[in-house]
Amino acid sequence: MKKNVSVGIFADVAALTSEAGSHFIRVAQDAVAKRGVFTVALSGGSTPKSLYTSMATNKSLRAAIPWSNTHFFFGDERHVPPDGPDSNFRMVNEAMLQRLPPGWTHIHRILGELADAAEAALRYEAEMRDFFETHGLVEEGFPRFDLIFLGLGPEGHTASLFPESLALQEARRWAVANWVAKLKTDRITLTFPVLNNAREVVLLVTGSAKAQIVVDVLERTATAPKYPVQSVKPSSGTEHWMLDKAAASQLSEVNA
């Protein structure tokens, strides 16, 4: 198993979602108690969507979240308007944000509707710098997120850090526009230095289609840099994988 990483395996998506919600509360409450603010970067995708819905609709979960002290950011965004069908913001908004009373949440959105994706990345980085610097939450030149949720794509991408894309090599910027040749579009994404400066990174992975990548990464059967997700290595934080049984089905420890 990959070193310095914790792995949780759950019977199904519902069980994974339930534990992810409890984990969110623990991290949020701890952050607020210690620093007065909780910063989290959200992921797109179907698995996180279930989590976001439960955060807004599950009464006990909703009551335990320190909403007024929580600042929501995004790990990446498509180059589309916020009401577009592919927008990560739209998904999060419909699943969670619009179900909450006005004024409960602090949202830092990527402006995917701008004509120039590079400008959207610059503005997002500027907004992050203003927030994190004002709150004294910059360490080693990068924001110190309390929690970053990530997913895992079918070719091993995470956030919008795709194989063979230029953003994989970015070492200074907090957010960049990343041209994805396979999709023939730009994405706006946080960079690896930001991901790896977080206090905690949680990867939510479900489904048998991800099982081969999971075993390649966690049991080091794939040599870097086969998959972009292999570059997720928090320098002074924790990396936690939350898998359903299908995604974990090829791990040797599961089949032992």
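The values are calculated or read from the model by the stated rules, or taken from the named source; none is laboratory data. Just so it is clear, the model here is predicted, and its values are computed rather than measured. Because the Cβ atoms are built from the backbone with ideal geometry, glycine has one as well, and the counts that use them run over all protein chains shown. In case anyone asks, the SASA skips ligands and DNA or RNA and just uses the protein heavy atoms, side chains included. Shrake-Rupley method; radii C 1.70, N 1.55, O 1.52, S 1.80 Å.
Things worth noting here:
- For the stretch 12-45, residues that are of a type in the set (D, E, K, R) and farther than 21 Å from His71 by Cβ total 2.
- Search result, residues across the stretch 47-85 that are of a type in the set (S, T, N, Q) and either open to solvent by less than 30 Å² (accessible area, probe 1.4 Å) or in contact (Cβ under 8 Å) with a residue 24 or more places away in the chain (or both): Thr47, Ser50, Thr53, Ser54, Thr57, Asn58, Ser68, Asn69, Thr70
- Candidates Leu111, Leu137 - the one that is buried (at least 16 other Cβ atoms within 10 Å of the Cβ), touching a Pro at 6+ places or on another chain (Cβ under 7 Å) and either aliphatic (A, V, I, L, M) or under 15 Å from Phe72 (Cα atoms) (or both): Leu137
- Subset of the stretch 108-129 that is in contact with a helix residue (DSSP H, G or I) (Cβ under 7 Å, 6 or more places away or on another chain) and aliphatic (A, V, I, L, M) - its residue that is farthest from Trp174 (Cα to Cα): Leu114
- Leading residue by the ranking (modelled with the highest pLDDT) among those in the stretch 160-199 that are of a type in the set (Asp, Glu) and surrounded by fewer than 20 Cβ atoms within 10 Å (Cβ to Cβ): Glu170
- Going through (1) touching a Phe, Trp or Tyr at 6+ places or on another chain (Cβ under 9 Å); (2) more than 26 Å from Lys184 (Cβ to Cβ); (3) of a type in the set (Val, Ile, Thr) one by one, Thr57 falls short only on (1).
- Screening Asn88 with (1) of a type in the set (S, T, N, Q); (2) without any contact (Cβ under 8 Å) to a residue 12 or more places away in the chain; (3) open to solvent by less than 50 Å² (accessible area, probe 1.4 Å) gives one miss only, at (2).
- Checking each residue in the stretch 30-44 for being more than 17 Å from Val202 (Cα to Cα) and either open to solvent by 20 Å² or more (accessible area, probe 1.4 Å) or more than 20 Å from the chain's Cα centre (by Cα) (or both) picks out Val32, Ala33, Lys34, Arg35, Gly36.
- Hits in the stretch 210-235 (condition: more than 30 Å from Arg144 (Cβ to Cβ) and crowded, with 19+ Cβ neighbours inside 10 Å): Ala211, Val215
- Any hit, the stretch 190-209, residues being of a type in the set (S, T, N, Q) and free of Cβ contacts under 8 Å to residues at least 24 places away in the same chain: no
- Conditions (1) under 27 Å from Phe74 (Cβ atoms); (2) at pLDDT 95 or above: number failed by Lys226: (2)
- Annotation: Val37 fulfils all but one of (1) under 16 Å from Trp104 (Cβ atoms); (2) touching a Ser or Thr at 6+ places or on another chain (Cβ under 6 Å); the unmet one is (2).
- Residue in the stretch 144-153 that is over 21 Å from Pro48 (Cα atoms) and surrounded by 15 or more Cβ atoms within 10 Å (Cβ to Cβ) present: yes
- Residue in the stretch 11-29 that is open to solvent by less than 50 Å² (accessible area, probe 1.4 Å), within 21 Å of Thr158 (Cβ to Cβ), within 19 Å of the chain's Cα centre (by Cα) and among the β-branched types (Val, Ile, Thr) present: yes
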